[in-house]
1. With θ set to phi - 60°, apply the Karplus curve 6.51 cos²θ - 1.76 cosθ + 1.60 along the stretch 52-67 and write out the HN-Hα couplings as whole Hz, x wherever there is a Gly or Pro.
2. Straight-line reach from Lys47: which lysines fall under 17 Å, measuring Cα to Cα and dropping same-chain residues less than 8 apart?
3. On C-alpha positions alone, give me the angle between the axis of helix 204-228 and the longest principal axis of the chain, in degrees, nearest 10.
4. Under the rule of at least 5 residues apart or a separate chain, name every residue whose amide H is placed under 5 Å from the amide H of Thr36.
5. At 1.4 Å probe radius, can you tell me the per residue accessible area of the stretch 15-91 in Å²?
6. Roughly speaking, what % of Cα-Cα pairs in the stretch 40-129 are separated by over 16 Å, rounded to a whole number?
7. Keeping the other protein chains in place, figure out the carbon and sulfur percent of the accessible area of the stretch 18-94, with a 1.4 Å probe.
Amino acid sequence: MKTEASPYQFLGSAGDFSRGTVTVDVTNALREAIVTLALPPGMVLDKTAICSQLGVSRFPVSEALARLADEGLVDIAPQRGSTVSLVKIADVREYMLIRKGLESEALRVLIGKHDADVIAALHANMAAQREAASRDDAETFHQIDVDFHDIIFRSMRLTKVKSIIDRARANLDRARRLIITPRRLNHTIAEHQAIFDGILAANAPQAITAIRAHIDAVMVELFAFAQEQPALFADGHEFTTEDNDFPFG
């Protein structure tokens, strides 16, 4: 008799987790699955099946879901169970506003210092972006894209600022993955190159204009996608591309 495959096989095998960190490990595994869209927005979560797949009791899974609910990634309804939360465009828009302001300031710091190590890291990152795009490797490209922005942030050496961005990252990454296409990969490379050109030219206004244009372009595409696929969004019907009028853009 053939056993039916678990719908949660991508989470890993039973017994993979360390005894002392089970709750943390389960939380990390579920968060990764949600952020990478292996668990898509709106999916009902079968706690029993998750416990079976991971080989853990109900407590660490329940605790993990509660932690992810605090992060805005899971909705828990009494008597109705848990679901992967829909993406909230309003939240993503606010996070992107924060990023636009902080990354603009980071560029001022970076360009003023002319840090050779940062320039070398950005050169290598741009080459890696092109290589991943040539293979149409969206997941690797996404990680390299994230690192491009992290390189700029690291130039500020402000840990509290970095922590604000990191807290927003899960929902941002989930939203950005929804619009990854070969066309978006190529546009992202061009937008990143424009930012890098401004850095290389030691021209802060040029670099800042480019990074704001990049963030605006991502948001315009996300608004358009939300109009096409409203079922994935909690509030997609409330926004249009005209709403991407950031107050300091």
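1. Whole-Hz 3J(HN,Hα) from phi for the stretch 52-67: 5, 5, 8, x, 10, 6, 6, 4, x, 5, 4, 5, 4, 5, 5, 5.
2. none
3. Its long axis makes an angle of about 40 degrees.
4. For Thr36, whose amide H was placed from the backbone, there are no distant partners under 5 Å.
5. 50 Å²
6. For the stretch 40-129, the fraction of Cα-Cα distances above 16 Å is 71 percent.
7. 51 percent
The values are calculated or read from the model by the stated rules, or taken from the named source; none is laboratory data. Computed from a predicted structure; not experimentally measured. Just so you know, the surface numbers come from the protein's heavy atoms only, side chains and all, with ligands and any DNA or RNA stripped out. Shrake-Rupley method; radii C 1.70, N 1.55, O 1.52, S 1.80 Å.
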